[in-house]
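Enquirer: Quick one: the structure is below, and I'll ask about it shortly.
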Amino acid sequence: MNARLEERQTADDVCGPLQDMVTMIDMARRSAAEGDLAQAATALGYCETMALDL
């Protein structure tokens with residue numbers, strides 16, 4: 001996903017949903033590392049919703 005995001009940023013400087021997904025995945029990763037699995041699940045749920053809209 002990071003490669004695709006970088007590709008889109010250089011192509012047309014529009015990354016909207018992909019950037020949002022990367023942000024949510026990073027938030028989920030950090031929350032899981034801290035042991036907050038409820039917050040991680042919430043972030044991944046938002047990410048899934050964004051993915052369905054692509």
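Enquirer: So which of A11, A32 is more than 12 Å from the chain's Cα centre (by Cα), small (G, A, S), assigned to a helix (DSSP H, G or I) and modelled with pLDDT under 65?
Expert: A11
Enquirer: I need the full set of residues from region 39-52 which are open to solvent by less than 70 Å² (accessible area, probe 1.4 Å) and either among the aliphatic types (A, V, I, L, M) or in contact with an Asp or Glu (Cβ under 6 Å, 6 or more places away or on another chain) (or both), in order please.
Expert: Within region 39-52, A40, A41, A43, M50, A51 meet the criteria.
The values are calculated or read from the model by the stated rules, or taken from the named source; none is laboratory data. In this text, all values refer to a predicted model and were calculated from it rather than measured experimentally. Backbone-built Cβ (ideal geometry, glycine too); neighbour counts: all protein chains shown. Ligands, DNA and RNA are excluded from the accessible area calculation, which covers all protein heavy atoms including side chains. Shrake-Rupley method; radii C 1.70, N 1.55, O 1.52, S 1.80 Å.
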